[in-house]
Amino acid sequence: MKKIAVMGFGVVGSGVVELCDKNAASIRRRAGVDVQVKYILDLRDFPESPYGEMVIHDFGTILNDPEIAVVAEVMGGLEPAFRYSKELLCAGKSVVTSNKELVAQKGAELLRLAKEHNVNYLFEASVGGGIPIIRPLHMCLAANEINEIAGILNGTTNFILTKMIREGMSFAEALALAQQLGYAERNPAADIEGTDACRKICILASLAYGKHVYPQEVHTEGISNITLRDVQYAGDWGGVIKLIGRARRLPDGRLSVMVSPAFISHESQLATVDDVFNGILVRADATGDVVFYGKGAGKLPTASAVVGDVIDCVKAEHTIQSLSWSDSAADTVCDYRQTPACFYLCCRGAKAVQAVRNVFGSVRFLHREGAPAEEAAFITPEGTEAQLAAQIKQLESGGTEILSAIRVLDY
């Protein structure tokens, strides 16, 4: 029998304990031994829970118990999760986690400690919830060079955009509905401003390219400025608006990593990923495009990924060598302004159309029903982000007001 501990008894932690109990027979079959939860670490007591007698409040109990081989860290946040995880790995205990913030900021260090102590630090649940993506990247696709990763990595923002596209809701109305249904927090900033998606693409990029990508290196934009006007113009262009996290390796070895709203063609496999679902496209040299799809969050989907990692730790005799990356220098991620792009721009001015032609030359203008006469929307030619930013400033200096600027992507 292998005994484990769970740190955090919130939504995911309670799901982990429930699955270990309910699916004990199938877990035994896959792990080769019984897997039993011995401790649940939390600040609170849970007298009404059937697992209440397992709850403890002292981390040292877990750290110093030689029976505990694997610990599931589902507390969230950087501290004390980082300190606890370090101490557990150094004590020869494997750690599994759903904590995307911790992996995105400290993954290189924790993976190094796991290797030094011949244990494992696994985090399948940190990116796609119940969607398997970490294991396929470092195992199933190991023979490939990963050219690019692009994904809809946040279910809350995808739900909001889906409601705007399908039902014509305003951003504020769709956000309020997401909060009412429990898809968005009371403070939804981490979702709608792109922070959550940024952490996830950092983890995927670090694993795919072997160098740690820090969130502060990644240009990140959210969806709070998206309007129904933009949705209508995207439809006329032939697509939809999605919040996309993406990463690719440039010819000089640096990485291009970004999170932003984008026009995505109806022909893209990502265009049909709706509601709270996530979709992650991996573009590899041997397999071509592979898409992973499913619910990116939720109690049992995320708990399923955590318990899957527990089983892998129980079965592993040594550190899993393929799951690793190294720390990186400050220039791993290139300045996004040096990368090529094209934009959808919506602007307003008495002579907006002529101003656009003067600055950009021949462009494709878009149309929507009921647009004011002074409004013009179009797709820019491709240029570097810096060149396009200068052209946008040129428009503004001539008296044309920029209402929206959204990237156009090809996936």
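Would you tally the residues in region 86-98 being part of a strand (DSSP E or B) and within 12 Å of Ala69 (Cβ to Cβ)?
Result for region 86-98: 3.
Looking only at region 373-391, count every residue that is free of Cβ contacts under 8 Å to residues at least 24 places away in the same chain and under 25 Å from Ser256 (Cβ atoms) and tell me the total.
The total comes to 2.
Tell me, yes or no, whether region 64-84 has at least one residue that is under 22 Å from Gly129 (Cβ atoms) and among the polar types (S, T, N, Q).
No, every residue in region 64-84 fails to be under 22 Å from Gly129 (Cβ atoms) and among the polar types (S, T, N, Q).
Among the residues of region 220-255, count how many are open to solvent by 50 Å² or more (accessible area, probe 1.4 Å) and more than 17 Å from His367 (Cβ to Cβ).
Residues in region 220-255 being open to solvent by 50 Å² or more (accessible area, probe 1.4 Å) and more than 17 Å from His367 (Cβ to Cβ): 7 in total.
Output the number of residues of region 309-338 satisfying the condition of being of a type in the set (D, E, K, R) and open to solvent by 60 Å² or more (accessible area, probe 1.4 Å).
Looking only at that region, the number is 5.
Quick one: is Val353 surrounded by 14 or more Cβ atoms within 10 Å (Cβ to Cβ), more than 30 Å from Arg254 (Cα to Cα), over 35 Å from the mean Cα position of the chain (by Cα) and in contact (Cβ under 8 Å) with a residue 12 or more places away in the chain?
yes
Could you tell me whether region 181-193 includes any residue that is open to solvent by 50 Å² or more (accessible area, probe 1.4 Å) and assigned to a helix (DSSP H, G or I)?
So far as region 181-193 goes, no, none of its residues is open to solvent by 50 Å² or more (accessible area, probe 1.4 Å) and assigned to a helix (DSSP H, G or I).
Give the residue, chosen from Glu173, Glu148, that is in a strand (DSSP E or B), surrounded by fewer than 24 Cβ atoms within 10 Å (Cβ to Cβ) and at pLDDT 95 or above.
Glu148
If you scan region 58-89, which residues turn out to be within 28 Å of the chain's Cα centre (by Cα) and farther than 20 Å from Ile311 by Cα?
If the condition is that a residue be within 28 Å of the chain's Cα centre (by Cα) and farther than 20 Å from Ile311 by Cα, then Gly76, Gly77, Leu78, Glu79, Pro80, Ala81, Phe82, Arg83, Tyr84, Lys86, Glu87 are the ones that fit.
How many residues does region 374-411 contain that are at negative phi and not in a helix (DSSP H, G or I)?
So the answer is 24.
Restricting the first residue to region 75-86 and requiring it to be in contact (Cβ under 8 Å) with a residue 60 or more places away in the chain, which pairs with a second residue that is of a type in the set (Gly, Ala, Ser) meet a Cβ separation below 9 Å and a spacing of at least six or different chains?
Going by the 9 Å Cβ cut-off, the qualifying pairs are Met75/Gly8; Met75/Gly10; Met75/Gly13; Met75/Ala81; Gly76/Gly8; Gly76/Gly10; Gly76/Ser98; Ala81/Gly8.
Taking region 328-366, which residues are among the aromatic types (Phe, Trp, Tyr) and part of a strand (DSSP E or B)?
Within region 328-366, Phe343, Tyr344, Phe365 meet the criteria.
Within region 361-392, which residues are among the aromatic types (Phe, Trp, Tyr) and either open to solvent by 30 Å² or more (accessible area, probe 1.4 Å) or at pLDDT below 95 (or both)?
Phe365
Step by step: first the residues of region 60-73, then only those that are of a type in the set (A, V, I, L, M, F, W, C) and open to solvent by 20 Å² or more (accessible area, probe 1.4 Å), then the one that is farthest from Lys22 (Cα to Cα). Which residue is that?
Leu63
Is it true that some residue in region 22-41 is of a type in the set (Phe, Trp, Tyr) and outside any helix (DSSP H, G or I)?
yes
All but one of (1) part of a helix (DSSP H, G or I); (2) open to solvent by less than 30 Å² (accessible area, probe 1.4 Å); (3) closer than 16 Å to Lys200 by Cβ hold for Glu101; state the number of the condition that does not hold.
The single condition Glu101 does not satisfy is (2).
Give me the pairs, please: first residue somewhere in region 132-145 and more than 12 Å from Ile280 (Cα to Cα), second residue anywhere and at pLDDT below 90 and surrounded by fewer than 16 Cβ atoms within 10 Å (Cβ to Cβ), beta-carbon distance under 7 Å, and either six or more positions apart or on two chains.
Once the first residue is more than 12 Å from Ile280 (Cα to Cα) and sits in region 132-145, its partners that are at pLDDT below 90 and surrounded by fewer than 16 Cβ atoms within 10 Å (Cβ to Cβ) give His138/Ser322; Met139/Ser322; Ala142/Ser322.
I'd like the full set of residues that are among the hydroxyl-bearing types (Ser, Thr, Tyr) and over 31 Å from the mean Cα position of the chain (by Cα), limited to region 358-409.
Those that are among the hydroxyl-bearing types (Ser, Thr, Tyr) and over 31 Å from the mean Cα position of the chain (by Cα): Ser362, Ser397, Thr400.
Which condition breaks for Arg44 when tested against (1) open to solvent by 60 Å² or more (accessible area, probe 1.4 Å); (2) outside any loop (DSSP other than H, G, I, E, B)?
Here Arg44 clears every test but (2).
(1) over 17 Å from Cys202 (Cα atoms); (2) among the aliphatic types (A, V, I, L, M); (3) in a helix (DSSP H, G or I); (4) modelled with pLDDT under 95: which one isn't true of Ala142, the others all being true?
Among (1) over 17 Å from Cys202 (Cα atoms); (2) among the aliphatic types (A, V, I, L, M); (3) in a helix (DSSP H, G or I); (4) modelled with pLDDT under 95, Ala142 violates only (3).
The values are calculated or read from the model by the stated rules, or taken from the named source; none is laboratory data. Please read these numbers as outputs of a predicted model, since none were measured by experiment. Using ideal geometry, Cβ is built from the backbone for each residue, glycine included, and neighbour counts are taken over all protein chains shown. SASA here: full protein model, heavy atoms, side chains in, ligands and nucleic acids out. Shrake-Rupley method; radii C 1.70, N 1.55, O 1.52, S 1.80 Å.
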